[in-house]
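Engineer: There's a structure below that I have some questions on.
The values are calculated or read from the model by the stated rules, or taken from the named source; none is laboratory data. Note that this is a predicted model, so its numbers are computed, not measured. Backbone-built Cβ (ideal geometry, glycine too); neighbour counts: all protein chains shown.
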Amino acid sequence: MLKRPAVWAWAMYDFANSAFTTLIVTFVYATYFTQAIAPDVIAGTVLWSRAVTISALLIAILAPLLGALADQGGYRKRFMFLMTVIAVGGSVMLYFPEPGDVLQALFWFVIANVAFEMGIVFYNAYLPDIATEGEIGKVSGFGWGLGYVGGLLALLLALVGFVNPDVAWFGFTHEAGANIRATNLLVAVWFGLFSIPPLLMLKDPPHPDRQPLTETIKATLRQLQTTLRSLRNYRQVARLLLARMIYNDGLITIFAFGGIYAAGTFGFTFQEIMIFGIVINIGAGVGAFIAGPIDDRRGGKWIIMVSIVGLIGATLLAMTATSKAMFWVAAILVGLLAGPNQAASRSLMGRFTPSHLKNEFFGFYAFSGKATAFLGPLMLGILTAMFQSQRAGIAIVAVLFAIGGWLLLGVDEAEGIQASGNA
């Protein structure tokens with residue numbers, strides 16, 4: 001199955017876009033913003049949390065609407081291409097803000113981050129097209145694993161070519177952090193280059209003649225209303241989306257603030273942040289590759305529950321760690337468990353998704369990942385400011401995992417697959 005060209009082409013989009021989330025969202029640019037662009041670390045953490053919050057709200061609004069529009073008008077590949085272009089362009093623009101240019105940096109981050117996440121909506125919707133029900137866990141895990149490989153390689157290039165040298169590749173110096181800001185250009189090239197195979201090779205099913213855009217939009221809004229009402233017929237989808245709405249918020253908060261926390265609380269240098277990111281990506285890739293076949297045997301819900309329990313423990317360890325060594329243990333655990341959690345969530349949604357509503361349901365899937373995604377970063381920022389401590393802020397992550405896991409207990413995987421027609 002994994003030798004099929006469509007699977008490899010599909011997974012290459014994970015390989016491509018992981019440079020964005022690894023270098024910009026998690027390990028390099030987020031840390032650089034708090035350390036160099038913002039007035040100080042605490043203010044930077046609060047400001048970055050606001051940008052992540054705004055991104056999440058925009059994605060929550062746009063994902064179901066554009067997902068339904070893609071279903072109605074057959075625009076899935078066009079939307080995926082457009083969002084990729086915007087994300088790549090936004091990454092380029094992140095090179096230009098220098099220390100003190102707070103609003104400019106946050107503006108371009110929000111633009112690029114929203115486009116990045118929206119591209120994933122349409123990318124995820126291809127999963128049920130290229131994988132059978134019996135192998136969907138393996139294929140989803142393969143994509144996540146390959147994505148972490150991409151993030152790892154991008155981190156290594158950034159470390160060797162831009163962060164470590166006195167004069168970075170292409171002559172970027174350390175003046176005004178030009179060498180660190182140049183990693184955004186690396187993201188743009190990486191994302192754009194490796195997105196070419198999936199954008200060329202993935203095929204959409206034939207679609208009836210398109211209506212005028214205004215009619216398509218009207219039909220989209222009607223379809224959204226119908227789907228919202230019909231979710232009662234797919235009650236396991238609704239339960240999964242509700243649970244993921246909460247536990248994925250915990251993951252988003254970890255990814256958005258992991259590097260910031262390591263630098264602010266444990267004094268990690270940029271070089272240590274890069275090594276930190278490399279280790280986590282290796283762990284996450286290994287975890288995703290291993291969990292895929294187990295997912296197909298034991299089910300996605302089992303994988304998600306095990307990962308949530310482990311993530312709660314890892315978060316508490318990171319929050320109470322008194323040494324870098326203890327924090328490293330927590331970070332490695334997060335890496336090993338985050339990959340399986342994400343891959344199994346996607347595969348479980350694929351199993352629950354009716355074939356005629358792929359884009360729309362994955363639009364709601366993205367909505368569930370972002371509808372409350374402002375809550376974790378917002379609360380982290382509030383708690384950090386209130387107690388003047390990042391440790392206090394990170395406590396919200398464990399709470400989100402616990403609530404999400406409790407809600408997931410109510411999901412019946414067998415019933416969800418039966419209702420979708422994918423049994």
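Engineer: I'm told E413 meets every condition in (1) surrounded by 16 or more Cβ atoms within 10 Å (Cβ to Cβ); (2) within 27 Å of N113 (Cα to Cα); (3) at pLDDT below 85; (4) not hydroxyl-bearing (S, T, Y) except one. Can you identify the failing condition by its number?
Structural biologist: With (1) surrounded by 16 or more Cβ atoms within 10 Å (Cβ to Cβ); (2) within 27 Å of N113 (Cα to Cα); (3) at pLDDT below 85; (4) not hydroxyl-bearing (S, T, Y) applied to E413, the lone miss is (2).
Engineer: Next question. I'm checking my understanding of the structure. Among residues of the stretch 397-410 that are in a helix (DSSP H, G or I) and not aliphatic (A, V, I, L, M), which one is surrounded by the fewest Cβ atoms within 10 Å (Cβ to Cβ)?
Structural biologist: Filtering the stretch 397-410 down to residues in a helix (DSSP H, G or I) leaves 397-408.
Among the residues that remain, those that are also not aliphatic (A, V, I, L, M) are: 401, 404-406.
On the way: F401: 29, G404: 24, G405: 21, W406: 13.
Looking at residues that are in a helix (DSSP H, G or I) and not aliphatic (A, V, I, L, M), I get W406.
Engineer: For I332, all conditions in the list (1) surrounded by 18 or more Cβ atoms within 10 Å (Cβ to Cβ); (2) touching a residue at least 24 places away in the same chain (Cβ under 8 Å) hold save one; what is the number of the exception?
Structural biologist: Tallying (1) surrounded by 18 or more Cβ atoms within 10 Å (Cβ to Cβ); (2) touching a residue at least 24 places away in the same chain (Cβ under 8 Å), I332 fails exactly one: (1).
Engineer: Related question: Looking only at the stretch 31-60, which residues are aliphatic (A, V, I, L, M) and modelled with pLDDT of 85 or more? Give the derivation first.
Structural biologist: Step one: filter the stretch 31-60 for residues aliphatic (A, V, I, L, M), giving 36-38, 41-43, 46-47, 51-52, 54, 56-60.
Within the stretch 31-60, A36, I37, A38, L47, A51, I54, L58 qualify.
Engineer: Out of all the residues in the stretch 77-92, is one or more within 28 Å of V397 (Cα to Cα), in a helix (DSSP H, G or I) and either touching a residue at least 24 places away in the same chain (Cβ under 8 Å) or under 21 Å from the mean Cα position of the chain (by Cα) (or both)? Walk me through how you get there before you give the answer.
Structural biologist: If we filter the stretch 77-92 for residues that are within 28 Å of V397 (Cα to Cα), which is where we start, we get 87, 91.
Going one step further and asking which of them are in a helix (DSSP H, G or I), we end up with 87, 91.
Cutting the leftovers down to either touching a residue at least 24 places away in the same chain (Cβ under 8 Å) or under 21 Å from the mean Cα position of the chain (by Cα) (or both) gives us 87, 91.
Yes.
Engineer: Could you tell me which residue of the stretch 167-218 is surrounded by the fewest Cβ atoms within 10 Å (Cβ to Cβ), considering only residues that are modelled with pLDDT under 90 and polar (S, T, N, Q)?
Structural biologist: Result: T214.
Engineer: Being of a type outside the set (G, A, S), in a helix (DSSP H, G or I) and over 21 Å from the mean Cα position of the chain (by Cα) is the filter here, so list the residues in the stretch 381-396 that pass it.
Structural biologist: Of the stretch 381-396, the ones of a type outside the set (G, A, S) are 382-384, 386-388, 390-391, 394, 396.
Subset that is in a helix (DSSP H, G or I): 382-384, 386-387, 390-391, 394, 396.
Those that are of a type outside the set (G, A, S), in a helix (DSSP H, G or I) and over 21 Å from the mean Cα position of the chain (by Cα): I382, L383, T384, M386, F387, Q390, R391.
Engineer: Taking the stretch 170-199, which residues are in a helix (DSSP H, G or I) and without any contact (Cβ under 8 Å) to a residue 12 or more places away in the chain? Don't jump to the end; show me each part of the working.
Structural biologist: First pass over the stretch 170-199, keeping only residues in a helix (DSSP H, G or I): 170-171, 175-181, 183-194, 196-199.
Listed by number, the residues that qualify are G171, E175, A178, V189, I196.
Engineer: Sticking with this one: Return yes or no: is F15 under 15 Å from the mean Cα position of the chain (by Cα), among the hydrophobic types (A, V, I, L, M, F, W, C) and closer than 20 Å to G250 by Cα? Reasoning before the result, please.
Structural biologist: Details: under 15 Å from the mean Cα position of the chain (by Cα): yes; among the hydrophobic types (A, V, I, L, M, F, W, C): yes; closer than 20 Å to G250 by Cα: no.
So F15 fails the test.
Engineer: Collect the residues in the stretch 309-328 that are farther than 18 Å from G250 by Cα and either modelled with pLDDT of 90 or more or not β-branched (V, I, T) (or both), keeping them in residue-number order.
Structural biologist: First, pick out the residues of the stretch 309-328 that are farther than 18 Å from G250 by Cα: 321-326, 328.
Once the filter is applied, which keeps residues that are farther than 18 Å from G250 by Cα and either modelled with pLDDT of 90 or more or not β-branched (V, I, T) (or both), the stretch 309-328 yields A321, S323, K324, A325, M326, W328.
Engineer: Then there's this: Considering every residue within the stretch 66-77, establish whether at least one is in contact with a Ser or Thr (Cβ under 7 Å, 6 or more places away or on another chain) and more than 19 Å from V114 (Cβ to Cβ). Please lay out each step first, then the result.
Structural biologist: Quick first cut of the stretch 66-77, residues in contact with a Ser or Thr (Cβ under 7 Å, 6 or more places away or on another chain) only: 68-69, 72-73.
Checking the rest, the ones that are also more than 19 Å from V114 (Cβ to Cβ) come to 72-73.
Yes.
Engineer: Mind checking whether some residue in the stretch 293-307 is closer than 28 Å to A11 by Cα, of a type in the set (D, E, K, R), modelled with pLDDT under 80 and under 19 Å from the mean Cα position of the chain (by Cα)?
Structural biologist: No, the stretch 293-307 contains no residue that is closer than 28 Å to A11 by Cα, of a type in the set (D, E, K, R), modelled with pLDDT under 80 and under 19 Å from the mean Cα position of the chain (by Cα).
Engineer: Quick check on the stretch 14-28. Is at least one of its residues within 18 Å of A112 (Cβ to Cβ), crowded, with 21+ Cβ neighbours inside 10 Å and among the charged types (D, E, K, R)?
Structural biologist: yes
Engineer: Would you mention how many residues in the stretch 110-149 are outside any helix (DSSP H, G or I) and within 19 Å of A338 (Cα to Cα)? Outline the logic, then answer.
Structural biologist: Step one: filter the stretch 110-149 for residues outside any helix (DSSP H, G or I), giving 125-126, 131-132.
Remaining after also requiring within 19 Å of A338 (Cα to Cα): none.
Residues meeting the conditions: 0.
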